[in-house]
Each structure stands twice: as structure tokens, then as C-alpha cells.
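Have a look at the structure below, then the notes.
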Amino acid sequence: MGDPGGRYAAYTARLVDGVLSARGHTPSALRRAVLERAFGPHPLSKPVTSSPLSGTERGTGGEDALAAYVDKVARHAYKVTDDDLAALQRAGHSDDALFEVTVSAALGAALGRLERGMAALRGESSPPVPLSATRRGGTRD
Amino acid sequence: MRLRAVEHRHRLPQRLKLTLIRVVSGRRVPDVVKTLLYRPEFFGRAMCEWTQAVMRGPSPWSVGERELFAAFTSRLNQCVF
């Protein structure tokens, strides 16, 4: 994902591999789900695969809070507040777990934007991006 | 810095680097540096290599132009560059 044949593919692959595979405080599957959720819609309207964060494991308050945080980091990280982090910490997420989730979300969001930008340069169309939808509507926040 | 671990709990080699940066620069170490030096095998090391290649490696764009792109992007993201 992200610049597969590009000049920086090897660097990107190492970066993604570290974030997804390095030993950490969260399961690799969770980090992958966070990254994919933050990546957003794929170019060429590839159907979005359901991730643990948006599928079966969802429903508990904790999962929803984490998913909301991931979306915030991905769409408008400047809106993250001390209270957001404090609430997640109270819910039992350690600093290291939140560090890993935050980095996974930021990396996913960055790769998604890069991929959609490259697709646009190739003249391919992309599905609408949630960010532009929220900017126009302004009601989601 | 909102995560205390990323503020304070670096491992020894990274803590020494942070101290060195603080002493040499005479300033508070920027949060982005603390983030990159926190558990570098997870994210920071590969991110620095990626950034170095993109921002300083061979390219039809000059270093100044690339920095300008980054500053402009940060501005759009409402992120201090």
C-alpha cells in the first residue's frame, strides 16, 4: 500500500513493517486495523475491507472511543485534546499502547493521502474522502 | 507532550541523545524529536530514513522547494512546521 512502485517504496515498506510488526504493547492486528481505518477510501473504488475496529469487535464503549480517536488523528489531528488522551488512559490504555495507536493512525492517514494524490496524478479518480465531506458539512464534529 | 512516556521514558541511548541536543542547542527539545527517539525500532528510525531520502536525497526538486512543500502541507493540516 502507498507508492508501491515508487522511488521510496523500500523506505515506505520498512516504515510500515516496523509499525505493524515491531514488538509492542498492542497486537499487530490492532495496529493493522488502525492503519487501514485511517488510510481511508482506496483509489479505484476498491471495496473497503472490514477491519476489527469497524466490524465484529466493535460495540463496546472502549472500542468506539478508540475508533473515534483514530478518526480524529487521521482527519484533523490538531483537534486532539488533553481530555481525549486522559479519557483513553482512564479506559485502561497505556501510554505505549496509545503511542502505537497514534503512530499507526498517522501513518495510515499519510499513506492514504499519498496514494490518492498519486492516483490523481495518474489521472485516476478516487472515491470522496471523509475529510472533504466533513469540511463541507461541518456537522460531524 | 500528552503521553508522559514519550516525554520522559526514553531508553538510555536515546536519553543521552536528548540531553546532548538540549545542552548543545540550549533549548527545550522539540516534541517531534522526542517522538522520533521514543522506541526508534517501532517508528522513529525508519521514519528518519524515509524523511532523509525524501527531503535530502536525489530529486528534481531542490531542498528548499521540498521544505516549502512540507511547510505548506503542515499549514493546511494546521500543524506547526
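The values are calculated or read from the model by the stated rules, or taken from the named source; none is laboratory data. On a predicted model such as this, the values are computed, not experimentally measured, just so you know. For neighbour counting, all protein chains shown are included, and Cβ atoms are generated from backbone atoms with ideal geometry for every residue, glycine included.
B:Lys17 is checked against (1) of a type in the set (D, E, K, R); (2) over 28 Å from A:Arg113 (Cβ atoms); (3) surrounded by 14 or more Cβ atoms within 10 Å (Cβ to Cβ); (4) within 13 Å of another protein chain (Cβ to nearest Cβ) and fails just one. What number does that condition carry? Result: B:Lys17 fails condition (4) only. The residue of the range B:52-66 that is farthest from A:Val103 (Cα to Cα), among those that are surrounded by 14 or more Cβ atoms within 10 Å (Cβ to Cβ) and more than 9 Å from chain A (Cβ to nearest Cβ), is B:Arg66. Is there any pair with a first residue in the range A:1-19 that is of a type outside the set (Gly, Ala, Ser) and a second that is part of a loop (DSSP other than H, G, I, E, B) and modelled with pLDDT of 85 or more whose Cβ atoms are under 7 Å apart and which are 6 or more apart or on different chains, and what are they? Once the first residue is of a type outside the set (Gly, Ala, Ser) and sits in the range A:1-19, its partners that are part of a loop (DSSP other than H, G, I, E, B) and modelled with pLDDT of 85 or more give A:Val19/B:Phe42; A:Val19/B:Phe43.
Cβ separations smaller than 9 Å between residues 6+ apart or across chains give the following pairs from the range B:56-73 residues that are within 19 Å of A:Gly6 (Cα to Cα) to residues that are polar (S, T, N, Q): B:Arg66/B:Ser59. Among the residues examined, B:Arg45 does not qualify as out of contact with any strand residue (DSSP E or B) (no Cβ under 6 Å at 6 or more places or on another chain), over 24 Å from A:Leu35 (Cβ atoms) and among the charged types (D, E, K, R). Those residues that are more than 11 Å from chain B (Cβ to nearest Cβ) and under 12 Å from A:Leu66 (Cα atoms), I need them from the range A:100-114; list them, please. A:Ala105 - this is the single residue of the range A:100-114 that is more than 11 Å from chain B (Cβ to nearest Cβ) and under 12 Å from A:Leu66 (Cα atoms).
The numbered conditions (1) closer than 21 Å to A:Val16 by Cα; (2) outside any helix (DSSP H, G or I) are all true for B:Arg28 except (1). Do the conditions hold for B:Ser74, that is, is it among the polar types (S, T, N, Q), farther than 30 Å from A:Ala97 by Cβ and exposed (fewer than 14 other Cβ atoms within 10 Å of the Cβ)? Judged against the criteria, B:Ser74 is not a match.
This table checks each residue for (1) facing another protein chain (nearest Cβ under 10 Å); (2) in a helix (DSSP H, G or I); (3) modelled with pLDDT under 95.
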site: A:Pro4; (1), (2), (3): no, no, yes
site: A:Gly18; (1), (2), (3): yes, yes, no
site: A:Val34; (1), (2), (3): no, yes, no
site: A:Val48; (1), (2), (3): no, no, yes
site: A:Asp64; (1), (2), (3): no, yes, yes
